[in-house]
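Working notes, beginning with the structure itself.
Only the coordinates and a few stated rules stand behind these numbers; no lab work does. It should be emphasised that the depicted structure is a prediction, and the values quoted were computed from it without experimental measurement. Here the Cβ positions follow ideal geometry from the backbone for every residue, glycine too, while neighbour counts run over all protein chains shown.
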Ligand SMILES: [Zn+2]
């Protein structure tokens, strides 16, 4: 780290859990971020600001005016740009010392199998159950941990998966089949800061997993009810007959 980096990351380095070693790990980390919407926005901003060294972005969409209410890495002037382009500009605005590249397409099995061998962690910030199953199966195949999250209306949830740990459940253990596919922000609405709460927590979990500090949210689904102002924790066991992860 040079003097500018030591200053930029000094409040991380001050933390006894992170120090120089932890910050160096972040700078050497490669993260795949799928979805640059409401969840992806704070994830992108915090991981860029925190000095995660390589960010690989995937999104097929274009910024629309109805996105700007909650997708805070895009502004009014970005309407009409691809989300990848807008997000890359945001990363450069925050921290030009990191590497960022983007893929303007939907995440599919072929793209995932080409990118996963190159990354340390995947963040699912999509709003699409089909993509989550693809991410789940690709992460199992390539033994890459991932942070899964979702938010709609006034509720959100988050859980981490680590296929390197044999006793850990996978996304299909949690949801054996597609559920609530029609329920998304376009049909049900979303309170803007709810995606901020959940996306920011995804960034926290990502930093924990990349640096190896603390206890990731493994084997328990954390759900957030914004109206009640309450979190709940739901224990999740590996399904011994899961078609994705049971051996
Ligand atoms: Zn499973």
Starting from the Cα of residue 118, step 7 Å along the direction of its Cβ; do the same at residue 240; then give the gap between the two resulting points in nm. 4.1
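By per-residue mean of other Cβ atoms within 10 Å, what is the highest-first order of 78-86, 186-194, 153-161?
153-161, 78-86, 186-194
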Counting only DSSP beta bridges with both residues in region 3-235, what percent are antiparallel, rounded to the nearest 5? 50
If you take the beta carbon distance between residue 66 and residue 109 as r and set R0 to 25 Å, what does 1/(1 + (r/R0)^6) give as a FRET efficiency, to the nearest 0.05? 0.25
Taking the chain and counting helices only, DSSP H stretches of n ≥ 4 at -39,500 (n - 2.57) each over all residues, the nearest-500 ellipticity at 222 nm comes to -10500 deg cm²/dmol
Quick one: if you take sqrt(5λ) for each eigenvalue of the C-alpha gyration tensor of region 125-247, what semi-axes come out, biggest first, whole angstrom? 23, 17, 13
Can you tell me what percent of all Cα-Cα pairs in the chain are more than 27 Å apart? 33
Quick check: the distance between the Cα centres of region 43-102 and region 189-247, to the nearest angstrom? 23
Relative contact order, percent, region 13-172 [alpha-carbon distance under 8 Å, six or more residues apart]: 22
Based on the Cβ-Cβ distance of residue 178 and residue 21, what FRET efficiency does E = 1/(1 + (r/R0)^6) give at R0 = 45 Å, to the nearest 0.05? 0.60
Of all the C-alpha pairs in region 4-66, what % are more than 18 Å from each other? 43
Cut-off 17 Å (backbone N to label point 7 Å along Cα→Cβ of residue 231), residues of region 131-150: 147-150
If the chain between residue 6 and residue 141 were fully stretched, how many nm would it gain, using 0.36 nm times the residue separation less the Cα-Cα distance? 44.9 nm
Given the options 140, 13, 34, which has the most mean-square fluctuation in a GNM of the chain, springs set between C-alpha atoms less than 10 angstrom apart? 13
